[in-house]
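Single-structure report; data block below.
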Amino acid sequence: MSTLITGIAELRTQDDDLATLHGAALVVDGDRVAWVGSAARAPAADSRVDVGGRAVLPGWVDSHTHLLFAGDRTAEFAARMAGQPYTAGGIATTVAATRAATDDELRANLRRHVAEALAQGTTCLETKTGYGLTVDDEVRLARLAAEQVDEVTYLGAHLVPPGADPDTYAALAAGDMLAAVAPHVRWADVFCETGAFDESQSRTVLTAAAARGLGLRVHGNQLGRGPGVRLAVELGAASVDHCTHLAPADVDALAGSTTVATLLPACDLSTRQPLPDARALLDAGAAVALATNCNPGSSYTSSMAFCVATAVLQMRMTVDEAITAATKTPARSLGRQDVGHLAPGARADIHVLDAPSATHLAYRPGVPLTHSVWRRGTRLVSP
């Protein structure tokens with residue numbers, strides 16, 4: 001069955017050839033976009049949906065989340081708001097709760113967060129392991145994640161478990177743990193940061209993952225300047241995420257590489273860190289993505305719209321740049337050409353806003369603007 005979606009005031013295709021169209025329409029056939037163009041020239045279809053002069057854009061692509069967890073860290077958040085600094089050590093609280101949870105409890109929590117994100121227009125999700133930190137628990141998280149999300153990342157090198165020797169644990173994360181988890185994931189990540197894994201330990205895990213054919217991602221430069229960005233660029237990682245504290249050499253390295261700088265503004269706000277210098281990255285020619293970093297400790301939000309509004313209002317990104325950073329560029333960082341844009345052949349992931357222009361995402365911050373959502377050609381969220 002094909003469906004003609006018409007009455008589109010503004011269609012942001014995120015496609016280089018089609019760009020932004022006005023008075024537009026598109027045809028969905030099965031799970032793919034079949035046609036895009038002027039509503040006046042729209043072909044016939046089996047059914048028709050008129051979106052009533054609203055704006056349409058691709059579904060959000062959230063390329064950095066930690067959705068498989070149990071437990072709650074409200075007290076940690078409250079303490080941070082009262083002045084306690086953020087450290088990586090709080091992850092251990094979630095690890096203990098996640099290990100104690102049943103598969104069904106973890107499935108239900110993941111399902112709730114995926115549905116919450118979808119209701120806000122997110123149609124492609126990456127999520128990570130990293131709250132298990134034993135071979136069996138990391139495999140369990142990877143297996144459960146693969147049931148519900150598009151992209152799964154191995155993050156056994158999230159934190160050194162309390163009482164463990166850092167080098168010994170890094171060797172495990174690069175050895176038996178990686179070998180067990182690799183069949184269930186496409187990506188590997190390392191938290192290369194003070195209080196987590198140093199440059200040598202991070203390199204050990206990442207090079208082992210690359211040797212197994214996994215794509216690389218890096219948590220880098222969140223809490224201060226460090227080796228994360230440089231290591232990600234050197235190893236050809238698809239993305240280096242956070243990028244809160246960058247030296248000029250880091251900006252230059254990213255601008256001269258294929259590594260995407262994925263910025264996580266909700267996390268920086270929640271941890272009271274400075275926001276990343278998106279303008280410097282973009283002006284230098286670096287590829288910039290936005291993601292929620294949805295997790296229970298440092299960024300408990302699934303709202304990509306919040307990240308887009310923050311990027312425009314506080315990080316000096318234009319609306320066009322922010323939308324690209326939430327659709328097309330994160331898709332690139334995930335090695336995907338089927339999502340993040342609306343052109344013939346793309347996956348029919350469609351986000352309809354209850355506004356005539358996507359500019360309203362920043363113009364009306366905090367207002368729930370998602371009107372309806374299609375994912376893989378199926379209308380899942382509607383008024």
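The values are calculated or read from the model by the stated rules, or taken from the named source; none is laboratory data. Computed from a predicted model, the values in this text were never measured in an experiment. Reconstructed Cβ throughout: ideal geometry from the backbone, glycine too, with neighbour counts over all protein chains shown.
Annotations for the structure displayed:
- Test: residue in the stretch 20-29 that is assigned by TED's automatic domain parsing to the domain that holds Ala289 and either more than 26 Å from the chain's Cα centre (by Cα) or crowded, with 20+ Cβ neighbours inside 10 Å (or both): no
- Complete set of residues in the stretch 114-150 that are crowded, with 24+ Cβ neighbours inside 10 Å and closer than 30 Å to Ala55 by Cβ: Ala117, Gly121, Thr122, Thr123, Cys124, Leu125, Glu126, Thr127
- Listing of strands (runs of 3 or more DSSP E) fully contained in the stretch 315-383 that carry 3 or more residues being buried (at least 17 other Cβ atoms within 10 Å of the Cβ) and outside the structural domain of Ala278 (by TED's automatic domain parsing): 350-353, 370-375
- Odd one out for Gly37 among (1) out of contact with any helix residue (DSSP H, G or I) (no Cβ under 7 Å at 6 or more places or on another chain); (2) in contact (Cβ under 8 Å) with a residue 24 or more places away in the chain: (2)
- Inclusion of Gly53 among residues that are at positive phi and not assigned by TED's automatic domain parsing to the domain that holds Arg107 is warranted.
- Of the residues making up the stretch 76-93, none is more than 29 Å from Ala322 (Cβ to Cβ) and touching a Phe, Trp or Tyr at 6+ places or on another chain (Cβ under 7 Å).
- Filter result for Leu342 (farther than 29 Å from Leu110 by Cβ and at pLDDT 95 or above): no
- Test: residue in the stretch 121-131 that is of a type outside the set (S, T, N, Q), over 17 Å from the mean Cα position of the chain (by Cα), assigned by TED's automatic domain parsing to the domain that holds Leu235 and under 29 Å from Cys307 (Cα atoms): yes
- Qualifying positions in the stretch 63-85 - under 25 Å from Leu216 (Cβ atoms) and out of contact with any helix residue (DSSP H, G or I) (no Cβ under 6 Å at 6 or more places or on another chain): His64, Thr65, His66
- Which listed residue is out of contact with any helix residue (DSSP H, G or I) (no Cβ under 8 Å at 6 or more places or on another chain) and surrounded by fewer than 20 Cβ atoms within 10 Å (Cβ to Cβ), from Arg186, Arg225: Arg186
- Here Leu380 fits the description: within 23 Å of Leu67 (Cα to Cα) and out of contact with any Pro (no Cβ under 9 Å at 6 or more places or on another chain).
- Every residue from the stretch 48-101 that is part of a loop (DSSP other than H, G, I, E, B), among the hydrophobic types (A, V, I, L, M, F, W, C) and surrounded by fewer than 20 Cβ atoms within 10 Å (Cβ to Cβ): Ala70, Ala82, Ala101
Rundown of residues vs (1) over 30 Å from Gly340 (Cα atoms); (2) at pLDDT below 95; (3) among the aliphatic types (A, V, I, L, M); (4) touching a Gly at 6+ places or on another chain (Cβ under 9 Å), yes/no style:
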| position | (1), (2), (3), (4) |
| --- | --- |
| Glu105 | yes, no, no, no |
| Arg111 | no, no, no, no |
| Thr127 | no, no, no, no |
| Gly130 | no, no, no, yes |
| Arg140 | no, no, no, yes |
| Arg143 | no, no, no, no |
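Conditions tested, residue by residue: (1) of a type outside the set (Gly, Ala, Ser); (2) over 28 Å from Gly59 (Cβ atoms); (3) in the same structural domain as Ala108 (by TED's automatic domain parsing).
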| position | (1), (2), (3) |
| --- | --- |
| Leu159 | yes, yes, yes |
| Asp167 | yes, yes, yes |
| Val185 | yes, no, yes |
| Arg212 | yes, yes, yes |
| Gly224 | no, yes, yes |
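- Verdict on Ala284 being surrounded by fewer than 19 Cβ atoms within 10 Å (Cβ to Cβ), in contact with a helix residue (DSSP H, G or I) (Cβ under 7 Å, 6 or more places away or on another chain) and in the same structural domain as Glu126 (by TED's automatic domain parsing): yes
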